Amino acid sequence: MSYSIVSIDSQQYIFVSHIGTIYRRELDEAWRGALGELQEKNWHRFLVDIRAMMNFIPASEMYDFISCLRESLPKKIVIALIVRSDQRGDGRFIENVARNRGINLQHFFNMQPALSWLTREEKTLLQAKK
């Protein structure tokens with residue numbers, strides 16, 4: 001298995017990490033598992049880390065994957081994608097395709113800015129309740 005899925009209960013998001021070489025079949029499998037976990041917990045946030053991924057899925061396959069993924073995602077989904085600096089173009093491509101499909105996705109190069117962006121809604125709600 002070239003991915004891991006972890007539920008982060010304290011901040012209510014699913015962490016998906018892709019490791020090594022991954023192919024479209026494994027990408028589909030990982031997202032089916034992550035979506036199942038997300039729906040079970042009734043959450044709407046993913047943190048996806050592809051920095052340890054050694055290959056990139058061809059653009060046509062990634063485009064198709066994101067387009068198909070949109071149909072199964074909750075409307076309020078928020079996805080923070082962490083990429084290496086040499087994956088900048090891939091991150092931008094994924095972000096553009098996702099946003100064109102109505103998916104709230106942003107790419108980052110580090111964990112902390114990604115987490116801050118991902119959990120900003122929760123922090124705003126907590127401050128409003130004070």
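The values are calculated or read from the model by the stated rules, or taken from the named source; none is laboratory data. Note that the structure is predicted; figures quoted are calculated from it, not measured. Glycine gets a Cβ as well: all are built from the backbone with ideal geometry, and neighbour counts include every protein chain shown.
Within region 87-121, take every residue that is polar (S, T, N, Q) and farther than 22 Å from residue 74 by Cβ and give me the one that is surrounded by the fewest Cβ atoms within 10 Å (Cβ to Cβ). Checked region 87-121; the qualifying residue surrounded by the fewest Cβ atoms within 10 Å (Cβ to Cβ) is 112. Within region 77-86, is there a residue that is surrounded by fewer than 19 Cβ atoms within 10 Å (Cβ to Cβ) and in a helix (DSSP H, G or I)? The answer is yes, given that some residue of region 77-86 is surrounded by fewer than 19 Cβ atoms within 10 Å (Cβ to Cβ) and in a helix (DSSP H, G or I). Sub-8 Å Cβ pairs linking a first residue in region 58-70 that is within 14 Å of residue 96 (Cα to Cα) to a second residue that is modelled with pLDDT of 90 or more and outside any helix (DSSP H, G or I), at least 6 apart or interchain, are 66/101; 66/103; 67/101; 70/101; 70/102; 70/103, ordered by first then second residue.
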